[in-house]
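J.: My questions will all concern the structure given below.
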Amino acid sequence: MTIRIEAYDRLPDAARAIREQVFIRERDWRPEFDEWDAASAHLLAFDSVDSPDRPGPSAQSASPIQSGQPDQPGRCIIARLAVLPEAQGRHIGSRLLADAERRIAQAGGTMAAVHSENDHYKFYEQCGYRLTDEVYEGGRRGWLIKDLILGSEN
């Protein structure tokens with residue numbers, strides 16, 4: 001299976017549709033289309049099974065965002081990673097996450113951070129993230145981090 005990842009400087013309609021399906025319809029979250037989308041890079045994965053010009057059921061989006069926290073200048077947030085249900089289990093999410101990490105490291109970031117629900121902690125831990133003490137709602141949500149090294153396979 002060949003995965004091609006494309007970066008965009010604005011939120012593509014396809015990525016918006018994926019987030020609407022995964023977060024709003026399936027998880028019943030409030031719509032989170034905001035200023036982060038305007039200030040972020042957006043990644044979209046294309047699977048060789050699908051048309052080479054448009055994402056199909058294997059598409060995801062992620063937004064690497066530079067943190068504004070002065071005490072953590074190299075910390076970047078990978079936010080709103082969404083995988084359509086029919087694409088889960090095909091390792092596309094981990095490939096997209098690794099690509100976001102590589103881009104962050106190339107831009108000078110030294111740490112990737114994700115905010116996740118606890119049912120996804122295992123996925124991030126398998127990708128090298130560790131849960132911080134920043135947990136909320138009785139551990140139901142929390143921040144996970146990963147140190148990045150430019151030129152290494154994170």
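J.: Would you confirm whether any residue within the range 98-117 is modelled with pLDDT of 80 or more, among the polar types (S, T, N, Q) and open to solvent by 20 Å² or more (accessible area, probe 1.4 Å)? I'd like the intermediate steps shown before the answer.
T.: Quick first cut of the range 98-117, residues modelled with pLDDT of 80 or more only: 98-117.
Checking the rest, the ones that are also among the polar types (S, T, N, Q) come to 106, 110, 116.
Those left that are additionally open to solvent by 20 Å² or more (accessible area, probe 1.4 Å): 106, 110.
Scanning the range 98-117, I find at least one residue that is modelled with pLDDT of 80 or more, among the polar types (S, T, N, Q) and open to solvent by 20 Å² or more (accessible area, probe 1.4 Å), so the answer is yes.
J.: May I pose another question? Looking at Q88, Q126 in this structure, which one is open to solvent by 60 Å² or more (accessible area, probe 1.4 Å), polar (S, T, N, Q) and without any contact (Cβ under 8 Å) to a residue 12 or more places away in the chain? First the steps, then the outcome.
T.: Values: Q126 fails: without any contact (Cβ under 8 Å) to a residue 12 or more places away in the chain.
Exactly one residue qualifies, and that residue is Q88.
J.: Residue under question is G128, and the condition is that it be assigned to a loop (DSSP other than H, G, I, E, B), farther than 16 Å from A7 by Cβ, modelled with pLDDT of 90 or more and within 16 Å of the chain's Cα centre (by Cα); does it hold? Even if it seems obvious, please write down each step before you answer.
T.: Working: assigned to a loop (DSSP other than H, G, I, E, B): yes; farther than 16 Å from A7 by Cβ: yes; modelled with pLDDT of 90 or more: yes; within 16 Å of the chain's Cα centre (by Cα): yes.
Here the answer is yes, as G128 does meet what is asked.
J.: Just give me the residues in the range 2-32 being within 16 Å of V83 (Cβ to Cβ), at pLDDT below 70 and not in a helix (DSSP H, G or I), in sequence order.
T.: Across the range 2-32, the qualifying residues are R27, W29.
The values are calculated or read from the model by the stated rules, or taken from the named source; none is laboratory data. Computed from a prediction, not measured in an experiment: that's the story for all the values here. Neighbour counts are summed over all protein chains in view; Cβ atoms, including those assigned to glycine, are modelled from backbone coordinates with ideal geometry. When the accessible area is computed, the model is the full protein with side chains, heavy atoms only, and any ligands, DNA or RNA have been set aside. Shrake-Rupley method; radii C 1.70, N 1.55, O 1.52, S 1.80 Å.
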